[in-house]
1. Test SER239 against the criterion of being crowded, with 17+ Cβ neighbours inside 10 Å, among the polar types (S, T, N, Q) and not assigned by TED's automatic domain parsing to the domain that holds VAL136, and give yes or no.
2. Just one of ALA178, ALA185, ALA142 is of a type in the set (A, V, I, L, M) and exposed (fewer than 12 other Cβ atoms within 10 Å of the Cβ); which is it?
3. Just give me the residues in the stretch 270-326 being part of a loop (DSSP other than H, G, I, E, B), small (Gly, Ala, Ser) and out of contact with any His (no Cβ under 6 Å at 6 or more places or on another chain), in sequence order.
4. Looking only at residues in the stretch 296-346 that are free of Cβ contacts under 8 Å to residues at least 40 places away in the same chain and surrounded by 21 or more Cβ atoms within 10 Å (Cβ to Cβ), which one is nearest to ASN40 (Cα to Cα)?
5. Using beta carbons and a limit of 8 Å, which pairs, at least six apart or on different chains, have the first residue in the stretch 236-248 and free of Cβ contacts under 8 Å to residues at least 60 places away in the same chain and of a type outside the set (A, V, I, L, M, F, W, C) and the second one surrounded by 13 or more Cβ atoms within 10 Å (Cβ to Cβ) and assigned to a helix (DSSP H, G or I)?
6. Have a look at LEU48, LEU62 and point out the one that is closer than 22 Å to LYS346 by Cα, touching a residue at least 60 places away in the same chain (Cβ under 8 Å) and part of a helix (DSSP H, G or I).
7. Go through (1) crowded, with 19+ Cβ neighbours inside 10 Å; (2) assigned by TED's automatic domain parsing to the domain that holds TYR302; (3) aliphatic (A, V, I, L, M) one by one and return the number of the condition ALA402 breaks.
Amino acid sequence: MPNAISGFSKLSKSEKIGWLLDTYFTDKKAALTLVKQYWNTDQKLQKLHDEFIENTITNYYLPLGVAPNFLINDSLFTIPMAIEESSVVAAASKAAKFWYDRGGFKAEVISTEKIGQVHFMYEGDFEKLESFFETVKPKLIASTSHITKNMEQRGGGILDLELRNKSEDLNNYYQLHATFETLDAMGANFINSCLEQFAKTFKTEVEENLEDDIIIIMSILSNYVPNCIVRAEVSCSISDLKSKDISNPEIFAQKFKQAVNIAEVEPFRAVTHNKGIMNGVDAVVLATGNDFRAVEAGVHAYASRNGSYSSLTHCNIDNDIFKFWIEIPLALGTVGGLTSLHPLVKFSLEMLEKPTAKDLMQIVAVAGLAQNFGALKSLTTTGIQEGHMKMHLMNILNQFEASVDEKTNIIEHFKTNVVTHSAVVEAIEKLRK
């Protein structure tokens, strides 16, 4: 076991790499070559990447793909997707083309409210605290004017500030619960700055005016945004569902609806169902420089809001009309953060015609809906493995360092044979003999 190291963050990049090589690697030369292989040859660009996070040693690449033919509210988009999983981009593209011929996707932003909280402890009389809060509330909001001025000029800012009594859940626990409109910014820094100012002013006012003091525990935004919601949907007559792989649209529609219904009531299925949605959502969120971990956390909390984890998508058949939709919480930004720093983020946003935050919410929701449609369409017709394993075939061939000729032969072989890992290994071994 290696010894702990002090002052690691103060070492230069080369010194950090040197320590890692000396401590963990037998073949130091090969490890160093790999680290350097992923450096950008443009030193200015590499320095930019180095400064995104701490203790950077190299870059970790993900493929950036595109899914074309997304018709959203009668406008056509090619959607950027950063993801490593086989078949995700292909499934999104296929679903986009399917619905392009049937009127495309409709999307709307329902609400854009974001939330932050000051968490504090108070052992005094709640009625006194409540009465005092109503008196001091205008002063709390006014104390943030130096932070909110620019946001307010653009039409955003603080929407409301409430005192919430949570002492039944945890003894002496209370909150200042604030709601915000942050427009095209995701708004994390703005919200947290406001919250910390609320906490500072509130504590000062309590100390000067109440007998009992408060203890500020923390001030932080919430990534649960149940009032920052976007809806996306597709619909068509059942007969219009007929296609190359849907010979009986009536049976397909009923099986598809039942598959969604199962995910609505069965958490074990719902988790995988929603994971498929997030394949599309996360890929676009990452490509556009947004925080996919925050989105994931908020989305899964929303999926559990009624007491049991459930599907984010829903399906209905009424008067021969098939309708499939999603409602999902998305707190996204198109200004600030990586959106103005990472060159490929700027590239992706330009590809999307420089969307507002609301536009991006709609695009991301559509990507999630398309991904889910593609997965359920496969599951209820040919099965998920046929398409997925064909896309995964190249990964298996690369694992075995197949040559160009070997790849050509094996891909041709599996055009008429079922792809499994063992079958591919067998084919490679047979070819090499």
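The values are calculated or read from the model by the stated rules, or taken from the named source; none is laboratory data. On a predicted model such as this, the values are computed, not experimentally measured, just so you know. Positions of Cβ are generated from backbone atoms using ideal geometry, with glycine treated the same way; all protein chains shown enter the neighbour counts.
1. So SER239 fails the test.
2. Of ALA178, ALA185, ALA142, the one residue that is of a type in the set (A, V, I, L, M) and exposed (fewer than 12 other Cβ atoms within 10 Å of the Cβ) is ALA142.
3. Here is the first cut: in the stretch 270-326, the residues part of a loop (DSSP other than H, G, I, E, B) are 288-291, 304-312, 319-320.
Narrowing further to those that are small (Gly, Ala, Ser): 289, 304, 307-308, 310-311.
The answer is SER304, GLY307, SER308, SER310.
4. Checking each candidate, the answer is VAL299.
5. So the pair list comes out as LYS242/PRO249.
6. Being closer than 22 Å to LYS346 by Cα, touching a residue at least 60 places away in the same chain (Cβ under 8 Å) and part of a helix (DSSP H, G or I) holds for just one of LEU48, LEU62, which is LEU48.
7. The number of the failed condition is (2).
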